[in-house]
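Quick note: the coordinates plus some simple rules give every number you see, no bench work behind them. Note that this is a predicted model, so its numbers are computed, not measured. Neighbour counts run over all protein chains shown; Cβ positions are idealised from the backbone, glycine included.
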Amino acid sequence: MKKYNYPKGYSLLQTTLKTSEFLKHPINFITKSMEQFGDTYTATVGTDKLILTQNPDFINHILRENHRNYMRSDITAKRGAQFFGKGLLFSNGTYWLKQRRLIQPAFHRKKIKGLYGNIEKTIADYLLDFPTGEDIDIYPIMHDLSFRVLIKSLFEIDLSKEVMAELNQIFGELSDFLMKDVNMPIRKIFYPFTGEERTHLKKAKRLREIILQIINERKSATGEFSDILDMLIHSKYEDTGESMTEEQLIDEVQILISAGHETTGNTLSWLMYNLAAHPLSQQKLIRTIDDATIDEVMKNDYLRACIHESMRLFTTSWTSERVAIQDDTFDSYSYPKGTVIVPFFFGVHRDHTRWEDALTFKPERFVEDEKLAKSKKYFPFGAGPRMCIGNSFALAEISYFLFSFFKSYTIQNTAAIPELMPLLTLRPNEVILNIKKRN
């Protein structure tokens, strides 16, 4: 029997005994384990080995250099597809590659520029009634805004408040259920008695019905549209010249909404918290935009640096996973096919051996070193061929919001410190700020 050289870590018994500690505070647990074993360690789950790493070279090995030997695990891919469809996030192999090649042009920077006007207007309208005062929880506000921007960019039609509310609610409930389902598999034992799984599968069915209705309304509409749905409807496969089927369209739209508004809403929330907690950085940002125009927002170095620094400290995609298709090696490690590798992006970005003043919010680091945002130790959108397809769209939305918001408002922090909630994405439990209208 072939022997493998796994990283040091926890035995089956140790992993079992520490499961409750991990589930209660996964980020704290993984961070402490990295301190104990180094930047990579092994956990034993049943007969399988799980390798967790915050070594950027190892992460680049599986996401970039040797990415063909890795895919999303069935645990997340198949389960996620049950609720959100077989879109880019929950597909593998040749089907994923085919879809990625088809959809990628719709998110090219030149295409996204065509959506800037829509993004700008949606944000400007939202800011007209932005709440001011003390002790305001800005998290649900940022979540709602990012949802509206994405929906308006996906569908260049006016959806009713009722449909918007239902979509938002279902996406949130399904995301929460999926995260608990994947992280706590023992819950499955009780589904036949609680009916929880049946309830959420009905919600997933309802979600598809709503999106199908929107797609059909658009297909029957006359006139020209410049939204993302139009790009997807008119995309053609290179080999056949055919368009996506109705089911494929629904799958991809669901993934774009689910992944897009959740990650951007979280990123905006953490960014507002950081700027409120660092008034000098906020003041510097305001100075850079006060004499600028909206057309210059995407070229504002300090604004972009604030975004990068906040995404470094509070990486919304705090972790990921890949499973080895064939045996592989990295450095002195060797492991068999079927081994799950878990990149711990949150840990990489806060590693004091790789970042000076790693826990300090210092946007200047991204201004002083322009190459830092593209370095191989920075993973705000993942890396490699499966890097987030909507990264340019997200950066444009966040940039336009910061520019427009700080033209009219300022924020102050409060005594409340947000609690990390590492679910499918890294959420804050709340972000309590004081918001004032500028004179």
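Quick rundown of the values:
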read-out: Cα shape, the range 276-319, gyration tensor, a/c 1.5 rule; value: oblate
read-out: Given charges at beta-carbon only (K, R positive; D, E negative), |dipole| of the chain in Debye; value: 1080
read-out: Long-range HN-HN contacts of Met71 with modeled amide H, under 5 Å; value: Val323, Ile325
read-out: Karplus (6.51, -1.76, 1.60) ³J(HN,Hα), θ = phi - 60°, over the range 348-362, in Hz, Gly and Pro reported as x; value: 4, 6, 10, 6, 5, 7, 10, 10, 6, 6, 4, 9, 9, 7, 9
read-out: Calculated FRET value between Asn216 and Met387, using beta carbons and R₀ = 30 Å, to 0.05; value: 0.40
read-out: Inter-site label distance for Ile189 and Tyr4 at 7 Å from Cα along Cβ, in nm; value: 2.7
read-out: Burial order of peptide ranges 85-92, 168-175 (average beta-carbon count within 10 Å, highest first); value: 85-92, 168-175
read-out: Relative contact order (%) - the range 54-437, alpha-carbon pairs under 8 angstrom, separation at least six; value: 28
read-out: Gain on full stretching of the segment that runs from Ser408 to Glu196 - 0.36 nm per residue minus C-alpha separation; value: 71.8 nm
read-out: Rounded to 5, the percent of DSSP beta bridges in the chain classed as antiparallel; value: 80
read-out: Tensor-based shape of the range 185-295 (alpha-carbon gyration tensor, a/c under 1.5 rounded, otherwise prolate or oblate); value: oblate
read-out: ³J(HN,Hα) computed for each position of the range 431-439 - Karplus, 6.51 cos²θ - 1.76 cosθ + 1.60, integer Hz, glycine/proline x; value: 10, 8, 10, 9, 10, 10, 6, 6, 6
read-out: Span-like helix ranges in the chain, DSSP H, alpha carbon extent 30 angstrom or more, Kyte mean at least 0.0; value: 246-277
read-out: Listed residue pairs exceeding 31 Å between alpha carbons, taken from Lys205/Lys374; Lys161/Lys219; Lys18/Lys371; value: Lys205/Lys374; Lys18/Lys371
read-out: Most mobile listed residue (Glu224, Glu356, Glu247) in the chain, GNM with C-alpha springs under 10 Å; value: Glu224
read-out: Residue with peak Gaussian network fluctuation, the chain [Cα springs, cutoff 10 Å], from Asp39, Asp125, Asp144; value: Asp125
read-out: Long-range amide H partners of Val431 with built H, under 5 Å; value: Ile138, Tyr139
read-out: Positive-pole candidate from Thr319, Ser404, Ala394, dipole of the chain, charges at beta carbon; value: Thr319
read-out: Within a Gaussian network of the chain (alpha carbon springs, distance under 10 Å), most fluctuating of Asp239, Asp290, Asp181; value: Asp239
read-out: Test item: Cα-centred dipole of the range 1-53, Lys/Arg +1 and Asp/Glu -1 on Cβ, debye; value: 180
read-out: Extreme residue, positive dipole direction of the chain, given options Leu207, Val431, Leu280 (C-beta unit charges); value: Leu207
read-out: Computed E for Thr353/His108 - FRET, C-beta separation, R0 30 angstrom, nearest 0.05; value: 0.25
read-out: Note, ³J(HN,Hα) from phi for the range 232-242, Karplus 6.51, -1.76, 1.60, rounded to Hz, x at Gly and Pro; value: 5, 4, 9, 6, 10, 5, 4, 7, 10, x, 8
